[in-house]
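One structure below.
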Amino acid sequence: MRAKLSEERRADLLKEFQAFFKETYDEEMTAFRAERILEFFMKELGPTVYNQGIQDARVFMAHKLEDLDAEFYEPEPER
């Protein structure tokens, strides 16, 4: 999978999972369970979200390139 998390971001997400579980269910989630959930989401949802981001960026850039002439056209002096 191309989508990778930095160790810092991974640790933050694990803490967020645990805090969410505690707040929502009033139960503790072990670090092991949080890690398994993160791995599941990265494997099952990661590629879909990654690919959607690439597609969204492609559409965004295509629209910007279509507007390139209108946005930055500089009239040339008449000769």
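Worth pointing out:
- Selection count where residues are more than 14 Å from Leu13 (Cβ to Cβ) and not charged (D, E, K, R), scope the range 28-50: 5
- Which listed residue is surrounded by 12 or more Cβ atoms within 10 Å (Cβ to Cβ) and either under 12 Å from the mean Cα position of the chain (by Cα) or modelled with pLDDT of 95 or more (or both), from Lys4, Lys22: Lys22
- Remark: pairs (first residue in the range 53-72, among the basic types (Lys, Arg); second residue assigned to a helix (DSSP H, G or I); Cβ separation under 9 Å; 6+ apart in sequence or on different chains) = Lys64/Glu71.
- Any hit, the range 39-46, residues being over 30 Å from Phe21 (Cα atoms), surrounded by 10 or more Cβ atoms within 10 Å (Cβ to Cβ) and either in contact with a Leu (Cβ under 7 Å, 6 or more places away or on another chain) or among the charged types (D, E, K, R) (or both): no
- The criterion of at least 2 residues that are out of contact with any Asp or Glu (no Cβ under 7 Å at 6 or more places or on another chain) and under 25 Å from Glu7 (Cβ atoms) is met by the following helices (runs of 4 or more DSSP H) wholly inside the range 20-79: 31-44, 46-66.
- The single condition among (1) loosely packed, with under 10 Cβ neighbours inside 10 Å; (2) in contact with a helix residue (DSSP H, G or I) (Cβ under 7 Å, 6 or more places away or on another chain) that Met29 does not satisfy is (1).
The values are calculated or read from the model by the stated rules, or taken from the named source; none is laboratory data. From a predicted model like this one, the values you see are computed outputs, not experimental measurements. For neighbour counting, all protein chains shown are included, and Cβ atoms are generated from backbone atoms with ideal geometry for every residue, glycine included.
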